[in-house]
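Let me begin by presenting the structure, written as structure tokens, before commenting on it.
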């Protein structure tokens with residue numbers, strides 16, 4: 001198999017990106033920016049979720065009323081809007097959007113502090129961070145082209161969404177277990193796949209387009225992490 005990374009470097013050099021050394025330095029800086037955005041978004045979500053989830057008054061005002069449906073669906077609508085508009089946004093606007101989205105996600109996840117113990121939430125977070133870190137490192141360093149995983153993982157993700165919607169009415173513990181198990185596998189795979197895809201964008205874009213791509217890349221990895229965390233919480237979380 002032809003070396004995947006070397007193909008991208010050759011393409012980047014042919015496009016005038018500079019020497020291999022320059023490309024490697026630029027790539028490391030780009031990926032660091034992606035991970036910094038992601039880490040910042042996770043931190044913001046965690047703070048918002050904790051502050052709301054440990055406040056009985058706020059929890060009752062949000063999750064004890066129809067407002068909960070707005071809170072739960074707002075992040076999904078925001079992702080669709082952001083994905084459609086990011087290319088026409090200023091970089092500063094795109095940066096603001098990811099922080100707003102992280103805040104909304106934190107608000108929608110506040111319920112976990114009412115369902116699971118704080119100790120188990122922390123434990124599952126570190127388990128998720130270890131798995132995510134290992135798979136992201138694999139996606140960054142592997143010489144194998146992971147683009148073939150895309151369609152398979154997308155079908156798995158679609159299946160998870162459909163099964164989850166069906167289980168709202170069936171309330172089947174067996175189906176819930178199956179969805180969680182498959183979900184862990186899908187988001188583990190997506191972590192590696194998205195990391196390599198984000199890395200590849202560095203060789204294809206420049207300027208503001210690359211800056212906005214780093215924000216979109218951070219959003220993808222953020223969603224992989226959050227979904228992996230939520231799936232693992234079903235397995236390893238201790239309910240109150």
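Things to note:
- Considering region 135-240, its Cα convex hull presents a mean projected area of 8.1 nm².
- Taking other C-beta atoms within 10 Å as the exposure proxy, 221, 170, 42 rank 170, 42, 221 from fewest upward.
- Degrees, to the nearest 10: 173-202 long Cα axis against longest axis of the chain: 30 degrees
- Each stretch of four or more DSSP H residues adds -39500 (n - 2.57); spread over every residue of the chain, this sum gives -28500 deg cm²/dmol at 222 nm.
- With the convex hull of the Cα atoms taken as the outline of region 172-226, the averaged projected area works out to 4.0 nm².
- Cα centroid separation - region 35-95 against region 175-240, whole Å: 16 Å
- Put simply, the C-alpha atoms of region 81-127 give a gyration tensor, and the ellipsoid matching it has half-axes of 31, 11, 8 Å, longest first.
- Tilt relative to the chain, helix 149-170 - C-alpha long axis, 0 to 90 degrees, to 10: 10 degrees
- Region 4-236: translational diffusion in µm²/s, Stokes-Einstein, Kirkwood Rh over Cα pairs, 25 °C, 0.890 mPa s: 129 µm²/s
- Against the main long axis of the alpha-carbon atoms of the chain, helix 118-141 sits at an angle near 20°.
- When the square roots of the Cα gyration tensor eigenvalues are ordered a ≥ b ≥ c, the ratio a/c for region 74-159 is 1.5 or more and a/b does not exceed b/c, which makes its shape oblate.
- Neighbour-count order for 79, 34, 188, fewest beta carbons within 10 angstrom listed first: 79, 188, 34
Only the coordinates and a few stated rules stand behind these numbers; no lab work does. Since we're looking at a predicted model, the values are computed, not measured. In this analysis, Cβ positions are derived from the backbone assuming ideal geometry, glycine residues included, and neighbour counts consider all displayed protein chains.
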